[in-house]
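Rule-based calculations on the coordinates, nothing more; no lab input. In this text the structure is predicted, and so the values were computed from the model without any measurement. Cβ placement follows ideal geometry from the backbone for every residue including glycine, while neighbour counts extend to all protein chains displayed.
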Amino acid sequence: MRVVNRCTPLAAAAALLATGAVAAPVAGAITTTRPAAAAATAAKPKAVVKKVEVADDFYSPTKLTIKVGDKVNFVWSPTNVNTHNVTLVSGPKGVSKKQFTSGDGSIDFHFERTFTVPGKYHFQCTIHPTMMNLHLTVKK
Amino acid sequence: MIRSSIRGGALAAVALLATAIAPAVASAKPTAPKPLVVCKHGCRYTTIQSAVNASGKGATIQIKPGTYSEGVLVQGHKHNGLTIEGIGKTPSAVYLNGTHARVQGNPAQNAIEGDNVNNLTLENMKEQHYAANGFFITGSNAKHPCHGYLMKNLIAGFDHAYGMYVFECIGGRMTQSTGYGNGDSAFYIGGTPFQKKPVWSSVDHDTAYENVLGYSGTNSKYVKITNGMFYNNGAGVVPNTLPSEPFQPATDGIIANNKIFWNNFDYYLPGSPVKTVSSGLESVNGKPVNYPIGAGILMFGTTGWVAKNNQIFGNWLWGGASFSNPLETSGEAINNGNRFVNNQMGDNGNDLNGTDFFNDGSGKGTCFANNGTHPTLVTSPTAPSNVLYPTCPTTAGTGSTIGDATQQGLLISISTSDPPATMNTFWTRHPHIKIKGITPLGG
């Protein structure tokens, strides 16, 4: 990581592209390789980031529709008392539930994922399952 | 010091005995797995998390004295039976500091979290300043609770919400531990699944001070809280029923042989080192409903909780109270069959509670017996005292969450005080006795 940090973003992206180190986007990949990813997908429309609030004891919104390639950033509310999580209960075939499941958090916490597989996703806080559900539709 | 020297002596004796018989048993007995040792320098593992990642079922992780800035996650049944223990002479020797600890780009939420792990043991450590909680053990979800845990000889301070926090677990023990300065409670057991053959949890020989609440448990069940000290909190022991957590209501708890005193911590006052993280339980006419401050025991919408043989004194609102939540439409938060029996109230007149007991008259079967010769009662012009404070057993009560109008009006007035710091205007202040090493809060 430190080696990459010493390079400029463009140089790093070029180096990664030259070596073939940039893999195809993976469903649920953590978006920490922004410079490389940005260069690799330069021709594509810019991904939209939708915010979902994780609060005591609800998600907001509870229904959401995005396009393939868009991101969802789950942001825990600074006013939370309780601990919450984002757990993928059901999703399209082949999508890893683990990859779309956050840790437990209360405040100062966020969880961002990119959605590359179209279909319907159901997220739930396992600590507050009756009150915190998000139904997400990812369109082609 | 006494405990240390006894323990040291015992260990030495065991060591000598082991040396003497070692040749005879060496070939017959399988060798126990070596503990995974963590220390800052010179150990194979320099973080607790790295040792956890390398551990399996039944393993022991020993942490040498030092300060560790991390948030540890123990996840999954592959870690069942894991023990994580500090091996310093005191819990403070192994210190988990949450101030700058980060996990995957976020502030570390918990000092140690056990997620979906059975029989996890956490022992002899101190933690402070985590973004969510100190020591946290939880089941996977409502259908897959955790089974058993031990939290022993821990210190938990100044966490956002809870010091020692257990959720969706069946059975377990918190013992000989201390919590202070937490924004909700020092000890919490909640979201307990219903059980046909209940496995009880124990919160024993613990100390909670200067928290918003000493013990809180939403939908807390099959819990014995015994031989503890709960003092200088906003309220001492508060089992409660809320719809936010699964498995309403809070049922079947015992609060026994505790000292519950001086819970007059008005954390709403300017300059308070501790702030409540709650923005209110409900709202009435736009005003948030907060927990009453100045109370020893609050049974909030509980069924079948018993407070017995406790010493309850110097709490300037109420010593013990039992009431429903009439604002919650499900009717689950109902004051049913709670009992206050054989408690010593007000230290024989030396350190009085504001009033010893409050009951809102709702629900069915809540009773009061043998709590001294003349416990003081919050009375109502609209309900006789033998209905509000019947002896045990009883069938008295309205049978619903709607109780006596005067009592519930008073409760609403207190809990919606605006600003909340003025809740202390409902207190009746009395002189305190002196207790060595403890300074009372509340002015």
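Assorted remarks:
- Under-5 Å amide H pairs with B:VAL117, H placed in peptide plane, nonlocal only: B:GLY76, B:THR138
- Anisotropy class of segment B:42-105 from Cα gyration tensor, a/c 1.5 cut: oblate
- Convex hull of segment B:297-443 built on C-alpha atoms - directionally averaged projected area, nm²: 9.0 nm²
- Relative to the longest principal axis of the Cα atoms of chain B, the long axis of helix B:405-415 lies at roughly 50 degrees.
- Placing R0 at 51 angstrom, the Cβ-Cβ distance between B:LYS64 and A:GLU53 gives a FRET efficiency of 0.75 after rounding to 0.05.
- Using the Karplus relation 6.51 cos²θ - 1.76 cosθ + 1.60 with θ = phi - 60°, the per-residue 3J(HN,Hα) values for segment B:139-152 come to x, 5, 6, 4, 8, 10, x, 7, 10, x, 6, 9, 10, 9 Hz, with x marking Gly and Pro.
- Reachable lysines from A:LYS46, criterion Cα separation under 25 angstrom, eight or more residues apart if same chain: A:LYS63, A:LYS67, A:LYS71, A:LYS120, A:LYS139, A:LYS140
- Three-way shape call for the protein assembly as shown based on the alpha-carbon gyration tensor, with the a/c threshold at 1.5: oblate
- Of all the options B:ASN106, B:ASN124, B:ASN350, the one that moves most in a Gaussian network model of chain B with Cα springs shorter than 10 angstrom is B:ASN106.
- Note on A:99-108: average number of Cβ atoms from other chains within 10 Å of each residue's Cβ is 6.
- Per residue of A:72-79, other chain Cβ atoms within 10 Å of the residue Cβ number 1 on average.
- Inter-chain Cβ neighbour average for residues A:48-57, partner chain, 10 Å: 1
- Global form of segment B:156-265, assessed from the alpha-carbon gyration tensor, a/c cut-off 1.5: prolate
- Distance (nanometres) between label positions extended 7 Å along Cα→Cβ at A:GLU112 and B:THR46: 3.0 nm
- Between 0 and 90°, nearest 10: helix B:2-25 axis offset from chain B longest Cα axis: 40 degrees
- Of the residues B:ALA101, B:ALA250, B:ALA54, the one that moves most in a GNM of chain B with alpha-carbon contacts below 10 Å is B:ALA54.
- Order of A:TYR121, B:TYR165 under a 10 Å beta carbon neighbour criterion, fewest first: A:TYR121, B:TYR165
- Considering only segment B:48-426, percent of DSSP beta bridges that pair antiparallel, nearest 5: 5 percent
- Built amide H within the under 5 Å cut-off of A:VAL52, gap 5+: A:ASN73, A:PHE74, A:VAL75
- Set B:LYS40/B:LYS152; B:LYS34/B:LYS224; B:LYS275/B:LYS308 screened for pairs whose C-alpha atoms are more than 28 Å apart: B:LYS34/B:LYS224; B:LYS275/B:LYS308
- Exposure proxy shown here: for B:HIS160, B:HIS144, the number of other Cβ atoms within 10 Å sets the order, fewest to most, as B:HIS144, B:HIS160.
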